[in-house]
Amino acid sequence: MKHAALSVVAGPVGIVAYGLVRLWGRSDDVYGPGLDWQAAHLAGLAGMVFFVPAVVALSRLLPAGRWRTGVVAVTLVGLAATMVQFGADMVEGLLAADRAEMSALSSDFKDIPGVEMAVYDVVPQLFFVGLLVLTGMLAARRRLPWWSVPLLLVGIVLPAVTLDLLAVGGLLMLAALAPALPILPRETVRTEPSVVAG
């Protein structure tokens, strides 16, 4: 069960690392393609990967049901789209010789029918919406304090205002979810036998 707590921490930490490396990369006004671009996006991708078990672990603090299943499914779909976005950005960074060529490759990818909506504009947002709803459900069940919901919302909105606030957003997300850490082992251990028996 230590893995569940690790994933809940590592997801937001990945976003923090992404934001910090991005700021460092932009400090010389030459960000991407290059090592800084790849390192930032690798950190972000790692955070998204860790959010998969984190979402599943947090959902297990709720009673099984259609709402829980639906919210988890929506959140994971958004995560999958976000991972594709990070992967595409990294591939474009590897293939491009300079920023202009990277932008051209990105435009070519987005020109594929459905890609811009599925990978950039719409579907990735389902991750944030689903995580916010999941947090609200946990707060309603008193598995999280009420303030986790507005704190998470601020953590989601700030990077949308400017990507320079990614690290701050990640820290706020971590603070919002951290109160669940002590109850992850107890709750999961208690519910697993009933799942097996059922």
Inset, instruction - For the stretch 80-120, list log₁₀ I(q)/I(0) at each q in 0.17, 0.20 Å⁻¹, using the Debye formula over Cα point scatterers of equal strength and ignoring solvent, two decimals each. - result: -0.41, -0.55
Inset, instruction - Give me the angle, in degrees from 0 to 90, between the Cα long axis of helix 184-197 and the longest principal axis of the Cα atoms of the chain, rounded to the nearest 10. - result: 70 degrees
Legend entry - Acute angle (nearest 10 degrees) that the helix 2-26 long axis makes with the longest principal axis of the chain, alpha-carbon atoms: 20 degrees
Legend entry - Gain upon complete extension [Ser107, Val122; 0.36 nm per residue less C-alpha separation]: 3.7 nm
Inset, instruction - Measure nothing but the geometry: give the 0 to 90° angle between the long axis through the Cα atoms of 35-59 and the longest principal axis through the Cα atoms of the chain, rounded to 10°. - result: 20 degrees
Inset, instruction - Using all C-alpha to C-alpha distances in the stretch 19-77, build P(r) with 10 Å bins and read off the rounded percent in each one. - result: 21, 33, 20, 19, 7, 0
Legend entry - Added length on full extension, which subtracts the Cα-Cα distance from 0.36 nm per residue, Asp29 to Arg141: 35.6 nm
Inset, instruction - Rounded to the nearest Å, what's the spacing between the alpha carbon centres of the stretch 1-35 and the stretch 50-121? Just the number, please. - result: 16 Å
Inset, instruction - Could you give me the percent of Cα pairs per 5 Å distance bin for the chain, shortest bin first, beginning at zero and ending with the bin that holds the maximum distance? - result: 1, 8, 14, 19, 19, 14, 10, 7, 5, 2, 1, 0
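Since every read-out is calculated from the coordinates, none of them should be taken as a lab result. None of these values were measured; they are calculated from a predicted model.
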